[in-house]
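The values are calculated or read from the model by the stated rules, or taken from the named source; none is laboratory data. Given the structure is predicted, the values throughout are model-derived calculations rather than measurements. Here the Cβ positions follow ideal geometry from the backbone for every residue, glycine too, while neighbour counts run over all protein chains shown.
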């Protein structure tokens with residue numbers, strides 16, 4: 001490799017290598033977490049992490065960017081079913097500075113093209129609050145066919161995280177908390193004291209009052225903030 005910094009794991013896997021075109025995530029903006037009933041994020045740059053600020057259930061309704069699918073607008077509006085704590089992460093090279101770098105000590109790694117903010121691939125100055133990824137949940141799907149078909153991945157009722165849920169957040173992919181004007185939560189999560197359970201159903205078309213369980217659409221990341 002060229003001159004630089006490289007960390008390998010005990011099994012020989014590369015963890016960090018400044019000779020590679022790496023990108024790292026950092027919290028975007030100066031506020032670590034905020035709380036409210038609505039927010040927005042940029043679909044092409046941000047990942048939004050949420051958890052209920054009170055109660056146990058988290059659900060939201062997301063709206064496509066205005067003018068979608070034409071145009072370049074990437075802003076997704078989010079309405080929460082209750083007061084919700086959230087933060088947004090963005091690639092370090094395009095994140096807003098957290099604090100002022102001038103006069104601060106730390107490690108800054110550039111991509112080799114320059115020393116502007118957009119050339120930073122890792123910075124202990126910008127990343128004053130680290131994202132500690134504690135788990136993921138894979139999309140739900142059906143494997144096999146006919147009598148051999150079985151549900152795999154994450155479905156309604158699946159536990160996606162076990163352990164204390166204090167300060168644990170899940171990422172938002174898509175959500176709808178008012179499906180067709182009926183009771184039903186799509187892509188929601190229930191935060192128990194020691195587990196997070198996926199909650200996603202729609203009302204049955206039969207009008208029986210029953211609900212139909214749904215799978216997780218896409219993948220979600222489960223994370224903590226380390227200050």
Wholly within segment 75-133, which strands (runs of 3 or more DSSP E) include no fewer than the required count, namely at least 2 residues that are surrounded by fewer than 16 Cβ atoms within 10 Å (Cβ to Cβ), at pLDDT 80 or above and in contact with a strand residue (DSSP E or B) (Cβ under 6 Å, 6 or more places away or on another chain)?
75-91
Search segment 205-227 for residues that are over 15 Å from residue 48 (Cβ atoms) and pair each with any residue that is at pLDDT below 80 and in a loop (DSSP other than H, G, I, E, B) when their beta-carbon atoms are under 6 Å apart and the residues are at least 6 apart or on different chains.
210/204; 212/204; 227/129
Among strands (runs of 3 or more DSSP E) entirely inside segment 145-211, those with 1 or more residues being touching a helix residue (DSSP H, G or I) at 6+ places or on another chain (Cβ under 8 Å), at pLDDT 80 or above and surrounded by 13 or more Cβ atoms within 10 Å (Cβ to Cβ) are 201-203
Residue 153: passes all of (1) over 19 Å from the mean Cα position of the chain (by Cα); (2) within 15 Å of residue 213 (Cβ to Cβ) but (1)
